[in-house]
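A short worksheet on the structure shown next.
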Amino acid sequence: MSVNTFGHVLRFTTWGESHGPALGAVVDGCPPGLEIDEGMIQPFLDARRPGQSRFTTQRQEPDQVRILSGTFEGRTTGTPISLMIENVDQRSKDYSEVAKAYRPGHADYAYDAKYGLRDYRGGGRSSARETAARVAAGGVARLVIPEVAITAYVSELGGDAIDRRAMDPGEIANNAFFCPDAAAAKRWEKLVDEARKAGSSLGAVVECVATGVPAGWGAPLYGKLDADLAAAMMSINAVKGVEIGDGFAAARLTGEQNADPMRPGNDGRPHFLANHAGGIAGGIATGQPIVMRIAFKPTSSILTPVETITRQGEASEIFTKGRHDPCVGIRGVPVVEAMMAFVLADHKLLHRAQCG
């Protein structure tokens, strides 16, 4: 069984491969009557687009989205919205060695073990190129949740973290790293340059904050908002860890330290004195900001030779030619935002279906 669809009431199915003629997504369950056009989705794809700096892959893809269905006179109709993004800069010849041997850390062997064949050209469906379709789908999801603001940024790269006292949200758009700390962004230039020149790669941590989420979205037990968010983030290529709120740090606190004390608020709602829970308790939003951290491993496709085996099981070495991100976590920022938007939009519709 191949699972290519995500969501409950609001769902998207992605299609296409890294080196195919195009890729895209079909979004189903979107409410009718929402204003929509390509220009409302394109800015999110532009943020993810490759080749915009020396710190990302130099594959030149315009990533222009086309809406093929599901709209009429600039509004959603309630029918499936089909989104297409053409691939225009494939270089399949770069993967001739990958056809013979597996890249350690990549999905090459796992796909072969499951299906008995694999698309070695850029990894096919296992390529991070698939995330362009998610970002387009996330652009549609944002139309469903205009009350919510979502901001993601890189909080750590190559083991070097930002100084939270120096955080400035206005800096995120001013550098190639989606970094809210200008000094850290300057340090990261050197780190990524050194890794790229050495034929290596670096990991990163992306932090994502959603504000304006009303209390009540989510459900207990098997429909938890945090469970769906974790699943969404873990489905992104190269993600190996997810934290919500204090995450693993909560295990090192006492009960009173980890509590989020409440006092009476001026609007009849509680005023929270802390947010260790990351805006979710019992699987349901509390009305506080939802805070997540997502760990991206270093890019598996590197120029440094690594021990491996061939498809025939013979010992070998491989280095991956071609154009690859020296730190895949950088362009993961728009993808994280898109998946956050989609889960929140889905849970808004689930909440409305049950509670009106």
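Some points to look at:
- Here the chain exposes an accessible surface that is 55 percent carbon and sulfur, computed with a 1.4 Å probe and the other protein chains kept in place.
- Net charge of the neighbourhood of Arg11, taken over other residues with C-beta under 10 Å away and scored Lys/Arg +1, Asp/Glu -1, is -2.
- Accessible area, probe 1.4 Å, largest first, for residues Arg134, Arg75, Arg269: Arg269, Arg75, Arg134
- Near the amide H of Ile280, within less than 5 Å, lie the amide hydrogens of Thr286, all on another chain or at least 5 residues away, with H placed in the peptide plane.
- Two-site label geometry, Lys186 and Arg54: point separation in nm, points 7 Å out along Cα→Cβ: 1.7 nm
- The distance between label points at Asn4 and Lys321 comes to 3.0 nm (points 7 Å beyond Cα on the Cα→Cβ vector).
- Between helix 182-197 and the chain: long-axis angle, C-alpha atoms, 0 to 90°, nearest 10: 20 degrees
- HN-Hα J in Hz across the range 120-137 - Karplus 6.51, -1.76, 1.60, θ = phi - 60°, x for Gly and Pro: 7, 6, x, x, x, 6, 7, 6, 5, 4, 4, 5, 4, 5, 5, 5, 5, 5
- What you get for the range 58-159, charging only the Cβ of Lys and Arg (+1) and of Asp and Glu (-1), is a dipole of about 240 debye around the Cα centre.
- Efficiency of FRET from Cβ geometry, Ala166 and Lys197, R₀ 30 Å, rounded to 0.05: 0.60
- Other residues lying with their Cβ under 14 Å from the Cβ of Asn174 contribute a combined charge of -3, Lys and Arg counting +1, Asp and Glu -1.
- Taking the charge dipole of the chain about its Cα centre, with +1 at Lys and Arg Cβ atoms and -1 at Asp and Glu Cβ atoms, the residue from Ala295, Val9, Phe319 reaching farthest to the positive side is Phe319.
- Three-way shape call for the range 117-247 based on the alpha-carbon gyration tensor, with the a/c threshold at 1.5: oblate
- Heavy-atom accessible area per residue - the chain, 1.4 Å, Å²: 47 Å²
- Under 20 Å between alpha carbons - lysine pairs in the chain that sit 8 or more apart or on different chains: 10
- Under 13 Å, Cβ to Cβ, from Met340 - net charge with Lys/Arg +1 and Asp/Glu -1: -1
- Calculated from backbone phi, Karplus (6.51, -1.76, 1.60) coupling profile of the range 311-320 in Hz, x at Gly/Pro: 4, 8, x, 8, 5, 7, 10, 9, 10, 9
- Computing FRET efficiency as 1/(1 + (r/R0)^6) for Ala110 and Arg252, where r is the C-beta to C-beta distance and R0 is 45 Å, gives about 0.85.
- Relative contact order (%) - the chain, alpha-carbon pairs under 8 angstrom, separation at least six: 23 percent
- Förster radius 25 Å - calculated FRET efficiency between Ala215 and Ala259, Cβ distance, rounded to 0.05: 0.90
- The GNM of the chain, with springs linking C-alpha atoms under 10 angstrom apart, assigns the highest mean-square fluctuation among Pro32, Pro50, Pro326 to Pro32.
- Among 6-18, 215-227, the order from most to least packed when residues are scored by Cβ within 10 Å on average: 6-18, 215-227
- The slack between Met234 and Asn266, meaning 0.36 nm per residue of separation minus the straight C-alpha distance, is 7.7 nm.
The values are calculated or read from the model by the stated rules, or taken from the named source; none is laboratory data. Quantities reported herein were computed from a predicted structural model and do not represent experimental measurements. Here the Cβ is made from the backbone with ideal geometry for all residues, glycine too, and neighbour counts use every protein chain on show. In case anyone asks, the SASA skips ligands and DNA or RNA and just uses the protein heavy atoms, side chains included. Shrake-Rupley method; radii C 1.70, N 1.55, O 1.52, S 1.80 Å.
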